[in-house]
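No lab work stands behind these numbers, since they all come straight from the coordinates. On a predicted model such as this, the values are computed, not experimentally measured, just so you know. As a convention, Cβ positions derive from the backbone with ideal geometry for all residues, glycine included, and neighbour counts pool all protein chains shown.
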Amino acid sequence: MPGSPEPDDLHLKPSRTRALHPLAWLFSLAVLCAGLAMCRSWIDLAAAAFILAFVALRAERRSARREAPLLGLAAIVFLAHVVAAGRGFRSAVEPAAVIAFRLLALLYFLRWAARAALGRVARWLMGIQPPARPRFVLLLVESARLTAALLPLALHEAEQHMTALRARGIRVGRGLRGIARYLVAWFLPFLGTMLRVSDAFADALITRGYVTGRARRTGLDLAWGLKEWAAVLGSAGATTWFLRGF
């Protein structure tokens, strides 16, 4: 019949690109985060901040024009350290630059990691069976697993509420009162939305036969290959470069 799909359209070829193993993600992210936190070269941190800003904004599909508040915060941190040094401000320029660029690098690193890896890692962690004894460890691990699973939803909802406020012309006001009003206007609807999302999430778990502490299927391809070794060795090499003057 006209408009009916062709036989070739009914059998789409699956994508050959395989996602990175969650354990490789965890190791690589932890090693890179440690390297950025301990790096003492402002040049390396500036380059890392620029690269991480590019990949984070690309993952979030955001415009660089919206990053002015974050860049302003880094500039305030830089100037605060320089001004606090007094007469020795010249010697404080480099340490202040290290602190400011480290702040930017870590923030963009977390934003990129949340978009690129958090969902897959959370699904993998949800499939691991925690220890049954002692009981408080089981409840602690289970709470962490459920929290990690909800974080991508929370980040998405927070961004949606901020976009809605901007569309209504609501901006951060001047002074503490203006900031407080903006936070109230953002947080109360966000809290209501997250309560509904959490309730729906709990209903979905119960419907699927959720039991505390039981291992669950993730549906992930957990093969370990050349890509994983490249990620592990690449992150280790980058961290070694960051720590060369430590």
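In degrees between 0 and 90, to the nearest 10, how far off the longest principal axis of the chain does helix 175-207 point, with axes built from Cα atoms?
Once rounded, one gets 20 degrees.
From the Cα trace of the stretch 24-116, what convex hull volume per residue do you get, rounded to a whole Å³?
Each residue corresponds to 85 Å³ of Cα convex hull volume.
Show me 95-101, 152-158 ranked by packing, highest mean number of other Cβ atoms within 10 Å first.
Highest mean packing first, the order is 95-101, 152-158.
How big is D, in µm² s⁻¹, for the stretch 134-215 by Stokes-Einstein at 10 °C and 1.306 mPa s if Rh is the Kirkwood radius over C-alpha pairs?
106 µm²/s
How far is it, in nm, from the label point at Ala64 to the one at Leu153 when both lie 7 Å from their Cα along the line to the Cβ?
Taking the simple label geometry, Ala64 and Leu153 are separated by 3.6 nm.
Take Ser198, project a point 7 Å from its Cα along the Cβ direction, then tell me which residues of the stretch 135-152 have their backbone nitrogen under 15 Å from it.
143-152
Give the angle, between 0 and 90 degrees and rounded to the nearest 10, that separates the Cα long axis of helix 89-116 from the longest principal axis of the Cα atoms of the chain.
10 degrees
Over all directions, the average projected area of the alpha-carbon convex hull for the chain comes to how many nm²?
Quarter of the Cα hull surface area: 21.2 nm².
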